[in-house]
Amino acid sequence: MADFVVYHNPGTVGGPVDLRNPNAIFTDKSAKGVRGARVWLMTRDESRPPHYYLCSYFEATDVGPNPSRRFRTKVSGKLKWKAKGTLRIDQEPWFRPLQRAQGNFAFGLNPISTPGVVAALLRLTK
């Protein structure tokens, strides 16, 4: 199964993650290859330096246009896990290599290719 990360920047998007709908994300990035994959939703707070959190992950089943929002594409699916409160991840040993590989999360919806990250994420969500 493929794994993708998507990063919610509260400063850019205009507020915190809406965890009432943790099994959907919106993006302008191509969602090619995401159907059937796990999508890991991460965010940060406004502290300096910021703290990063894992919000949820879901299996993507639906990919399509999103005409009602500012982002072109909506990816949604079956919720597999949702944080109860906050799950801080920036102190995990795998986080900084993931952050670097994701261009400090500037790449948007992007595959996870950093070794060991998916296994670590799955352990955190057990």
Scanning region 100-118 residue by residue, the ones that are over 14 Å from ASP3 (Cβ atoms) and free of Cβ contacts under 8 Å to residues at least 12 places away in the same chain total 4
Within region 59-71, residues of a type outside the set (A, V, I, L, M, F, W, C) and surrounded by 15 or more Cβ atoms within 10 Å (Cβ to Cβ) come out as GLU59, ASN66
Residue hits (region 43-60; over 13 Å from THR125 (Cα atoms) and not hydroxyl-bearing (Ser, Thr, Tyr)) are ARG44, ASP45, GLU46, ARG48, PRO49, PRO50, HIS51, GLU59, ALA60
Quick check: anything in region 92-109 surrounded by 14 or more Cβ atoms within 10 Å (Cβ to Cβ), in a strand (DSSP E or B) and at pLDDT 95 or above?
no
Filter region 34-46 for residues that are farther than 16 Å from GLN102 by Cα and modelled with pLDDT under 95; the one that is surrounded by the most Cβ atoms within 10 Å (Cβ to Cβ) is ASP45
Step by step: first the residues of region 1-54, then only those that are in contact with a Ser or Thr (Cβ under 6 Å, 6 or more places away or on another chain) and of a type in the set (A, V, I, L, M, F, W, C), then the one that is farthest from GLY85 (Cα to Cα). Which residue is that?
ALA31
Only unsatisfied item for GLY77, checking (1) in contact with a Ser or Thr (Cβ under 7 Å, 6 or more places away or on another chain); (2) surrounded by fewer than 20 Cβ atoms within 10 Å (Cβ to Cβ), is (2)
Test ARG70 against the stated conditions and say whether it is over 18 Å from PHE26 (Cα atoms) and among the basic types (Lys, Arg).
no
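The values are calculated or read from the model by the stated rules, or taken from the named source; none is laboratory data. As the structure is a prediction and not an experimental result, all values here were calculated from the model. Heads up, the Cβs are rebuilt from the backbone with ideal geometry, glycines too, and the neighbour counts pull from every protein chain shown.
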